[in-house]
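J.: Below you'll find the structure I mean.
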Amino acid sequence: MASKSKSKSGDRFVYQEFGYDGDTEDRDSVELDVAPNQQNLKVEVSRKGRKGKTVTVVQGFQHSQETLSALLKQLKTHCGAGGTLKEATVEIQGDHGQKVMTFLSQKGYKVKRSGG
């Protein structure tokens, strides 16, 4: 269903067919921190789209950006490698699948190996 809502300036109308009706700032701050034992994570070692470089990808986190940043720092230190945070996905440079799985298991997460 289409809806019209006034923008912040108040004099323009914005067309929005589907989705969130509130401000985008409110949507980002509503993220929940779910307990580690209630999260199912997938660890995958991938080379696709990275010019042949191997990257360990962890998906399925349900944490705020601050919590994920702290966890990423711990993972990078544990693996001795660089890494990045892309939305709710953590990427560690190199083939560190087993190290990452044991580290996250010790933290209380449910971890499964994904891919080959």
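The values are calculated or read from the model by the stated rules, or taken from the named source; none is laboratory data. Everything quoted here is computed from the prediction, not taken from an experiment. Note: accessible area is taken over every heavy atom of the protein model, side chains too, but ligands, DNA and RNA are not part of it. Shrake-Rupley method; radii C 1.70, N 1.55, O 1.52, S 1.80 Å.
J.: If you take the Cα Rg of the range 36-114 and divide it by 2.2 N^0.38 Å, with N the number of residues, what do you get? Write down the numbers at each step before the final one.
T.: Working: Rg = 11.4 Å, N = 79, 2.2 N^0.38 = 11.6 Å.
It is 0.99.
J.: Share of the range 36-114's accessible area from carbon and sulfur, percent, 1.4 Å?
T.: Ligands and nucleic acids excluded, carbon and sulfur reach 46 percent.
J.: Heavy-atom accessible area per residue, the range 32-94, 1.4 Å probe: how many Å²?
T.: Heavy-atom accessible area per residue stands at 60 Å².
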